[in-house]
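A short worksheet on the structure shown next.
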Amino acid sequence: MRSKPSIKRKRVLCGLISLALLSGGIVALGFARLSLFAGSAGVPARNEHETRKAEPSDTRMSDKLKFVEPPPQTSAQFDLSRNVIAGGGGTSANGNFKVDGTIGQSAAGTTSIGGQFSATGGFWQVESGVPPTPTPTPGGSPSPTPTPTPTFPANVVQFNSSTYSVQEDCTTLTITVTRTGDTSGAASVGYNTSDITATERKDYITALGRLQFAPGETSKSFVVLINEDSFVEGNEIFNVNLSNPVGATYGSPAIATVTIIDDPSEPATNTIDDPRTYVCQHYHDFLNRQPDQSGWDFWTNQIASCGTDQACIDVKRINVSGSFFLSIEFQQTGYLVERMYKVAFGDFNGTSTFGGSHALPVPQVRFRDFLSDTQEIGLGVVVLQPGWEQQLENNKQAFALEFVQRSNFKAALPTTLTPAQFVDALNSNGGNVLSPTERQTAINLFGGAGDTSNQPARAQALRQVAEDPDLFSAETNRAFVLMQYFGYLRRNPNDPNDTDYTGYDFWLTKLNQFNGNYINAEMVKAFISSNEYRQRFGP
């Protein structure tokens with residue numbers, strides 16, 4: 001008879017063996033591979049036997065199992081390591097039983113752990129092969145998706161290129177500004193030039209102005225005047241800039257760089273001594289435009305006709321130069337701008353030491369303001385070409401209307417003034433040039449209104465006083481002297497090389513002494529032969 005402990009040990013051993021066999025069968029059935037087998041991550045399966053039974057059409061994918069005979073174990077510990085379903089996850093491990101690998105869905109289940117058996121993951125989490133049908137929302141037909149409100153791209157202005165180049169010569173460069181996006185409304189943008197290595201006094205003429213885009217208009221251009229010189233200096237650059245857009249925003253580029261390509265060789269003499277260059281430069285300096293061919297030829301021949309007679313050349317150069325100030329085109333553009341400033345703001349008090357230190361009434365307009373306004377009022381005007389008179393009148397009307405709406409004009413002459421007060425202020429600034437009849441005509445422009453808020457009437461009254469023949473005559477000498485500084489030297493009379501209006505006072509006194517005869521006063525001769533003028537163009 002066996003001892004009780006021995007029998008007890010055998011019973012425990014048989015129980016463990018039975019439990020192991022039962023567990024192995026469960027594992028073989030429960031962890032059998034699906035038909036969408038993802039491949040083994042551990043020991044590959046061997047001796048697979050597949051069985052398939054007739055299935056209803058709605059059998060779940062997770063029920064389509066392949067029975068796998070587990071590999072033989074090499075140790076007493078039971079170990080199954082295998083991928084069963086791709087994309088799953090989980091680990092069950094502890095004691096004598098271990099399952100490691102992809103067992104179920106990664107989103108599954110709970111954890112059961114204790115003793116000789118540990119399972120972590122979703123052992124029995126399965127997924128149907130057919131996605132569930134969404135539960136319909138109760139009620140009527142679904143609401144239609146509203147049509148989105150259309151949005152328009154921003155209205156932007158920019159140069160059509162970030163770089164431009166031009167060969168050095170007495171010539172022009174056209175700069176184009178484009179508008180993109182929603183262009184259904186009007187827009188405007190300012191433009192200006194600025195020095196880098198090229199300078200306004202020598203290499204080009206400052207361009208200042210404002211481009212007006214009508215509704216639907218997408219492109220506008222302006223011209224920069226390029227000067228000739230005889231310096232050996234290499235290529236030089238300056239910038240063109242956009243500023244103060246209205247009805248639009250900045251696009252890119254809003255700044256462009258212009259390269260002036262230097263001539264490969266330069267003459268030994270100063271290029272301003274060449275008659276053709278000399279005449280072209282006067283068009284740039286006084287009329288702010290490139291010469292028309294007939295005018296260029298005419299004035300060049302005035303000088304060239306002297307041949308090699310230097311005395312004749314000197315006289316002709318003076319006469320040709322003086323003729324630009326006296327020309328109809330300048331008198332109705334640049335000179336009109338000077339008179340408008342006088343009528344609007346009166347005189348500026350300068351100082352002079354000529355004949356002793358004293359105050360001196362001088363023209364109000366400054367060089368850059370003059371340059372910008374003259375370019376605006378003279379745009380497209382070429383005297384004697386078809387339509388020039390109408391173009392000039394259109395420019396005058398537009399300029400005057402814009403001028404009276406500037407903040408400095410409104411501050412000096414507010415719209416709360418009565419028509420009589422407004423006209424009398426203009427007349428006083430102009431030197432009381434209106435007759436009683438002319439004064440009443442200007443007042444009547446306001447149609448009996450109690451104030452001067454009527455902007456077109458303000459513009460017309462300003463023009464009436466500024467274009468009065470008496471003011472035209474009285475202001476000529478002052479403006480003529482002023483233009484020597486603005487035209488030849490490209491600066492204000494009190495800018496360096498001067499510090500005050502002493503030089504201006506000297507030449508005005510001399511011109512008045514000769515009753516405006518600039519030849520006898522030798523004023524033009526002095527400016528065109530000065531080092532400051534000649535050094536703009538060559539050594």
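The values are calculated or read from the model by the stated rules, or taken from the named source; none is laboratory data. Computed from a prediction, not measured in an experiment: that's the story for all the values here. For neighbour counting, all protein chains shown are included, and Cβ atoms are generated from backbone atoms with ideal geometry for every residue, glycine included.
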Checklist line | Answer residue from the stretch 308-334, given it is of a type in the set (D, E, K, R) and touching a residue at least 12 places away in the same chain (Cβ under 8 Å) and is surrounded by the fewest Cβ atoms within 10 Å (Cβ to Cβ) among those | finding: Asp314
Notebook entry, point to check: Does the stretch 327-347 include one or more residues that are at pLDDT 95 or above, touching a strand residue (DSSP E or B) at 6+ places or on another chain (Cβ under 9 Å) and either under 27 Å from Ala461 (Cβ atoms) or in a helix (DSSP H, G or I) (or both)?
Noted result: yes
Next item on the list: Determine whether Ala449 is farther than 30 Å from Ser357 by Cβ, aliphatic (A, V, I, L, M) and in contact with a Pro (Cβ under 7 Å, 6 or more places away or on another chain).
Entry: yes
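Would you check which residues across the stretch 428-454 are assigned to a helix (DSSP H, G or I) and touching a Gly at 6+ places or on another chain (Cβ under 8 Å) and list them? Break it down stepwise before answering.
First pass over the stretch 428-454, keeping only residues assigned to a helix (DSSP H, G or I): 428-429, 436-444.
Answer for the stretch 428-454, where residues must be assigned to a helix (DSSP H, G or I) and touching a Gly at 6+ places or on another chain (Cβ under 8 Å): Ser428, Asn429.
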Notebook entry, point to check: Identify, please: which residue in the stretch 179-191 is buried (at least 17 other Cβ atoms within 10 Å of the Cβ) and of a type outside the set (Lys, Arg) and is, among those, nearest to Ala268 (Cα to Cα)?
Noted result: Tyr191
Item checked: Lone unmet requirement of (1) crowded, with 20+ Cβ neighbours inside 10 Å; (2) closer than 19 Å to Val383 by Cβ; (3) in contact (Cβ under 8 Å) with a residue 60 or more places away in the chain; (4) under 35 Å from the mean Cα position of the chain (by Cα) for Ala344 -> (2)
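Can you tell me which residue in the stretch 356-379 is nearest to Tyr485 (Cα to Cα), limited to those that are surrounded by fewer than 17 Cβ atoms within 10 Å (Cβ to Cβ) and free of Cβ contacts under 8 Å to residues at least 60 places away in the same chain?
Restricting attention to the stretch 356-379, the residues satisfying the condition of being surrounded by fewer than 17 Cβ atoms within 10 Å (Cβ to Cβ) are 356-359, 361, 366, 368-369.
Next, from what is left, pick out any that are free of Cβ contacts under 8 Å to residues at least 60 places away in the same chain: 356-359, 361, 369.
Numbers: Gly356: 22, Ser357: 21, His358: 21, Ala359: 20, Pro361: 17, Asp369: 14 Å.
This residue is Asp369.
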